[in-house]
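To start, the structure under review is shown below, and the notes come after it.
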Amino acid sequence: MNLVITGANRGIGLELTRQSLTRGDTVHAGVREPAQARELTALVGTSGARLHVRALDVARDESVHAFAAALTGPVDLLINNAGRRTRTDDLEDLSLEDALQMLQVNALGALRVTRALLPRLREARGAKIASLSSGLGSLSDNTSGGGYGYRMSKAALNMATRSLAADLRGEGLIAVAISPGWVQTDMGGASAPTQVSESAAGLLAVLDRLTLGDSGGFFDFRGQRIDW
Ligand code: NDP
């Protein structure tokens with residue numbers, strides 16, 4: 001299977017890449033700074049020609065177009081993993097500039113990459129587009145407030161997922177929003193209950209099982225549905 005994973009240099013994206021390579025997939029790993037992505041590029045040694053590390057800033061049109069132009073052949077699975085979350089994001093302390101950046105990366109970034117890769121996704125049979133969302137993007141779950149920029153960006157990502165599912169269903173493409181759980185990464189922090197290896201394994205297993213009937217859904221890394 002041919003995968004594209006964005007934000008693959010650390011955290012969940014790095015682990016998704018590692019596990020996908022271990023099971024024999026080919027991965028096109030998009031990272032902002034390839035020269036700095038030492039843990040990722042170290043995997044080239046063990047996976048040979050199946051790992052391609054390429055520059056990709058999902059917030060920049062030119063970068064996304066260059067990334068897409070370098071790809072040939074079908075892409076079976078696109079994982080929009082790249083994400084950003086600022087620490088100060090509550091009513092009194094949030095910066096609207098930071099909120100705009102989160103929207104730019106978390107919502108528009110996923111849409112930008114998906115749109116640029118459509119020709120590659122259409123070349124595969126029943127390609128899947130999985131966007132890493134969060135329970136914090138659920139409208140119905142928000143009774144605790146706060147987290148304005150991040151919550152709004154993931155809610156916008158969820159809405160993009162619904163439109164992608166509707167627009168692409170007729171062509172057999174599947175689009176879902178999927179939450180990795182609360183995971184021990186730079187973003188999730190050290191007290192998160194889920195190890196990155198468990199989250200990534202769960203995500204890949206759920207994505208493997210998806211059918212067209214699941215398109216437009218919001219799932220967690222165990223395959224349970226999340227309310228919008
Ligand atoms: P990390 O903060 O550990 O890693 C984020 C990754 O996204 C990094 O590789 C980072 O690259 C990349 N990234 C950020 N901005 C851009 C950009 N403009 N272009 C390309 N790549 C970019 O986060 P996690 O691994 O924890 O999270 C992965 C995804 O899962 C995110 O979408 C996040 O919102 C989501 N998620 C995570 C949860 C958790 O508990 N960890 C919970 C719910 C959702 P760089 O190193 O260059 O900054």
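Rolling a 1.4 Å probe over the protein heavy atoms leaves M187 with an accessible area of roughly 70 Å². What the pair-distance distribution of segment 170-226 shows, using all Cα-Cα distances binned every 5 Å from zero, is 4, 20, 27, 20, 14, 8, 4, 2, 0 percent. Amide H contacts under 5 Å for V53: A29, restricted to partners 5 or more places along the chain or on a different chain, H placed in the peptide plane at 1.01 Å from N.
Heavy-atom accessible surface of W228, to the nearest 10 Å², is about 90 Å², with a 1.4 Å probe and all protein chains retained.
Converting phi to 3J(HN,Hα) with the Karplus coefficients 6.51, -1.76 and 1.60 and the offset θ = phi - 60°, segment 115-124 yields 5, 5, 9, 3, x, 6, 5, 5, 6, 8 Hz in sequence order, with x at every glycine or proline.
Across the chain, the fraction of Cα-Cα pairs farther apart than 27 Å, rounded to a whole number, is 26%. Out of the DSSP beta bridges found with both residues in the chain, what percent are antiparallel (nearest 5)? Restricted to the chain, the bridges split so that about 5 percent are antiparallel. Kirkwood analysis of segment 40-160, using all unique Cα-Cα pairs, places the hydrodynamic radius at 15.8 Å. Its Kirkwood hydrodynamic radius, worked out from the mean inverse distance over all distinct Cα pairs, puts segment 141-183 at 12.0 Å.
Applying 1/(1 + (r/R0)^6) with r as the Cβ-Cβ distance of E97 and T211 and R0 = 30 angstrom yields a FRET efficiency of 0.15.
Each residue was assigned an accessible area with a 1.4 Å probe, and for V113 the value is about 0 Å². Close amide H pairs (under 5 Å, H built 1.01 Å from N) link I226 with F218, F219, D220, residues at least 5 positions away or on another chain. Counted over segment 1-83 with a bin width of 5 Å, the fraction of Cα pairs per bin, in whole percents, is 3, 17, 31, 28, 17, 5, 0. Across the protein chains, with a 1.4 Å probe defining accessible surface, the residues T41, T143, T26, T161 rank T143, T41, T26, T161 from largest area downward.
FRET efficiency for the pair T41 and R162, taken as 1/(1 + (r/R0)^6) with r the Cβ-Cβ distance and R0 = 30 Å, rounds to 0.25. So what's Rg/Rh here for segment 115-215, counting alpha carbon atoms and using the Kirkwood radius for Rh? Rg/Rh for segment 115-215 comes to 1.00.
Using C-alpha pairs below 8 Å separated by at least 6 residues, the relative contact order for the chain is 18 percent. Ranking D25, D214 by solvent-accessible area of protein heavy atoms (1.4 Å probe, all protein chains present), from largest to smallest, gives D214, D25.
The values are calculated or read from the model by the stated rules, or taken from the named source; none is laboratory data. Keep in mind the model is a prediction, meaning the values are calculated, not measured. Here the Cβ is made from the backbone with ideal geometry for all residues, glycine too, and neighbour counts use every protein chain on show. For the accessible areas, the whole protein counts, side chains as well, though only heavy atoms, and no ligand, DNA or RNA atoms are used. Shrake-Rupley method; radii C 1.70, N 1.55, O 1.52, S 1.80 Å.
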